[in-house]
Amino acid sequence: RKEVEQDPGPFNVPEGATVAFNCTYSNSASQSFFWYRQDCRKEPKLLMSVYSSGNEDGRFTAQLNRASQYISLLIRDSKLSDSATYLCVVNRGDSWGKLQFGAGTQVVVTP
Amino acid sequence: DVKVTQSSRYLVKRTGEKVFLECVQDMDHENMFWYRQDPGLGLRLIYFSYDVKMKEKGDIPEGYSVSREKKERFSLILESASTNQTSMYLCASTGPVPYEQYFGPGTRLTVT
């Protein structure tokens with residue numbers, strides 16, 4: 001079983017619509033959670049951290065459910081530029097800042 | 001802005017060759033990481049380093065070694081390249097916020 005599991009998609013989303021997707025993680029020692037964004041043939045970049053109480057950053061909302069060990073990302077009013085692969089990332093619970101990456105969920109926003 | 005650079009964007013090598021991939025960061029970061037990324041598998045940690053001359057194995061170190069002689073530079077070495085090492089290789093570093101990793105642009109390595 002993968003330590004971080006994501007639906008690979010693609011999620012095809014009309015421009016202006018809302019899309020949401022989850023990931024699950026298996027390491028109960030993980031304390032920090034993130035969404036990274038990776039454009040085609042580019043490097044991953046941090047999109048946002050995920051806090052226990054849930055948090056928003058503009059059109060992006062992240063939620064954490066520790067009991068069920070899943071993280072979600074919701075994108076409102078989708079833009080063409082939101083087309084990317086979204087990587088769910090959790091820390092490994094060690095002191096070195098090592099991260100465990102999911103394989104990513106592909107989102108394609110269409111005109 | 002943090003900048004992480006990698007020596008090559010694309011590289012083609014033959015089976016059995018020794019391959020050096022270099023990564024340089026300009027932000028005085030302590031921790032540096034090497035990953036490979038394959039479709040459906042995500043990023044897998046090969047090695048990481050938390051200080052000069054210090055290194056730790058990641059999840060898939062077999063067939064690889066690393067070198068960190070200077071703080072800003074972290075090299076990945078494929079001792080004898082094999083076709084199953086064809087992949088995208090990504091270097092990353094972290095600074096004061098330990099979980100925000102800054103990635104280089106990646107090296108797409110093809111071993112024939």
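No value in this document is a laboratory result; all are computed from the given coordinates. On a predicted model such as this, the values are computed, not experimentally measured, just so you know. Glycine also receives a Cβ, built like all others from the backbone with ideal geometry; neighbour counts cover every protein chain displayed.
Loop-only trypsin sites (Lys or Arg not before Pro) in the stretch A:1-55, please: DSSP not H, G, I, E or B, and at most 12 other Cβ atoms within 10 Å. Could you put the intermediate results ahead of the total?
Numbers: sites: A:Arg1, A:Lys2, A:Arg37, A:Arg41, A:Lys42, A:Lys45; in loops: A:Arg1, A:Lys2, A:Arg41, A:Lys42.
Answer by residue number: A:Arg1, A:Arg41.
By counting other Cβ atoms within 10 Å of each Cβ, how are B:Met32, B:Met54, B:Met88 ranked from fewest to most? Walk me through the numbers on the way to the answer.
On the way: B:Met32 28, B:Met54 11, B:Met88 16.
Going from least to most buried by this count: B:Met54, B:Met88, B:Met32.
With a 10 Å cut-off between alpha carbons and a GNM built on chain A, which of A:Val89, A:Val13, A:Val50 moves the most?
Among A:Val89, A:Val13, A:Val50, the largest GNM mean-square fluctuation belongs to A:Val13.
Once R0 is set to 25 Å, what does the formula 1/(1 + (r/R0)^6) return for the Cβ-Cβ distance between A:Asp77 and A:Asn55, expressed as a FRET efficiency to the nearest 0.05? It would help to have the intermediate numbers written out before the result.
Working: r = 18 Å, r/R0 = 0.71.
FRET efficiency, A:Asp77 to A:Asn55: 0.90.
Of all the stretches in chain B, which is the longest one without any exposed loop site, taking trypsin sites (Lys or Arg not before Pro) in a DSSP loop (any state but H, G, I, E, B) with at most 12 other Cβ atoms within 10 Å?
Working: sites that count: B:Lys3, B:Arg9, B:Arg14, B:Lys18, B:Lys53.
Longest gap between qualifying sites, sites excluded: B:54-112.
Distance in nm between label sites at B:Lys57 and A:Asn27, each 7 Å beyond Cα in the beta-carbon direction?
1.7 nm
So for chain A, averaging the separation of alpha carbon pairs under 8 Å that are six or more residues apart and normalising by length, what relative contact order in percent results?
Details: 275 pairs, mean separation 41.5, N = 111.
Dividing the mean separation by the residue count of chain A yields 37 percent.
About its Cα centre, what dipole magnitude does chain A give when the only charges are +1 on Lys and Arg Cβ and -1 on Asp and Glu Cβ, stated in debye to the nearest 20?
On the way: 12 positive and 11 negative charges, 44 e Å.
Roughly 220 debye, rounded to the nearest 20.
So which of A:Lys2/A:Lys42; A:Lys2/B:Lys18; B:Lys18/B:Lys70 end up more than 29 Å apart by C-alpha?
Working: A:Lys2/A:Lys42 24 Å; A:Lys2/B:Lys18 31 Å; B:Lys18/B:Lys70 21 Å.
Check vs 29 Å cut-off fails for A:Lys2/B:Lys18.
Run through the stretch A:35-111 and list the chymotrypsin sites (Phe, Trp or Tyr not before Pro) located in a DSSP loop whose Cβ has at most 13 other Cβ atoms within 10 Å.
Numbers: sites: A:Trp35, A:Tyr36, A:Tyr51, A:Phe60, A:Tyr70, A:Tyr86, A:Trp96, A:Phe101; in loops: A:Tyr51, A:Trp96.
Within the stretch A:35-111, the qualifying chymotrypsin sites (Phe, Trp or Tyr not before Pro) (loop, at most 13 other Cβ atoms within 10 Å) are A:Tyr51.
If I take R0 = 22 Å and measure r between the Cβ atoms of A:Glu3 and B:Ser67 in this structure, what FRET efficiency does the formula 1/(1 + (r/R0)^6) give, to the nearest 0.05? Could the numbers behind the result be given before it?
Details: r = 28 Å, r/R0 = 1.28.
According to the calculation, E is roughly 0.20.
If Lys and Arg each add +1 and Asp and Glu each add -1, what is the summed charge of the other residues whose beta carbon sits under 12 Å from the beta carbon of B:Lys71?
Working: positive: B:Lys53, B:Arg68, B:Lys70, B:Arg73; negative: B:Asp26, B:Asp28, B:Glu30, B:Asp51, B:Glu69, B:Glu72.
Net charge around B:Lys71: -2.
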